[in-house]
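The structure appears right after this line, and notes come after that.
The values are calculated or read from the model by the stated rules, or taken from the named source; none is laboratory data. Because the structure is a prediction, the values reported are computed rather than measured. Note: ideal-geometry Cβ built from the backbone for every residue, glycine included; neighbour counts use all protein chains shown. Keep in mind that these areas ignore ligands, DNA and RNA; they rest on the heavy atoms of the full protein, side chains included. Shrake-Rupley method; radii C 1.70, N 1.55, O 1.52, S 1.80 Å.
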Amino acid sequence: MCTLAALAIDCYSSLKRENNAAHSPSSEARLSDFVFFTPFIALYYHDEFWISLPFTLPLIIATVAVQSFFHKRGWLKSPPEIWAMIPGPYLLAIVGYFMFFREGILSEPAPEAGVESALGESASSWLDFWPYAVGLILFLFTMTARRTDSIGFSHLLFIPAITILPFFTDSYWWTMLAGFVLFLIAVHRMFRVMNSDHIGGASVMGGYFYMMAAFGSVVVYAILY
């Protein structure tokens, strides 16, 4: 019912804009596009998540099909251009399920009360800090590079490092956050040093590479831990 109401509001808004403006924009925001958030409803029924999740797909497909029909009839000005977005919310919902409602493949059971680990209270070895040392070295290399090719190569090493090294620490999320902050500092420095002709392409590629690497890291962590 909510989806039908949203489609009706979209048609009314589109026709109203068309009547009020001779040159209305070719694209428009649609209230019915929020149907793409319905996969997250399955997280509410996390005990039957894998059963609930597929039941949200027919609603999304039907909504996009109705949008296409309304566009052909002239009731919606812009065609639905979000078919490619369908896998996105499902992937995010699955990641959320693994993160909050399921123990990972490599997660260890809670130790029994009164039982101490064999390794116990032993002091941390300096080897425990090697991920931080590697990340710091690569960060310094990124911050000291001056030529365009050196800056690009340093970012090519630094981005995988700050998304992989957190797996070897005891604080994955804090290490990921620290890596993100260092990445922003490195990008800010890149804008100050690089030639203006290369800044645009380098920032887009670097941002895209980091988002893909960070998202892949979070997916793997959600599944394993």
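Using mean Cβ contacts within 10 Å as the protection proxy, how do 201-212, 86-97 order, highest first?
The most tightly packed comes first, giving 86-97, 201-212.
So, in nm, how far is label residue 44 from label residue 191 when the simple model puts each one 7 Å beyond its Cα toward the Cβ?
About 4.0 nm separates the two model spin labels.
How much accessible area per residue does segment 149-225 have, counting only protein heavy atoms and a probe of 1.4 Å, in square angstrom?
So segment 149-225 comes to 56 Å² accessible per residue, rounded to a whole number.
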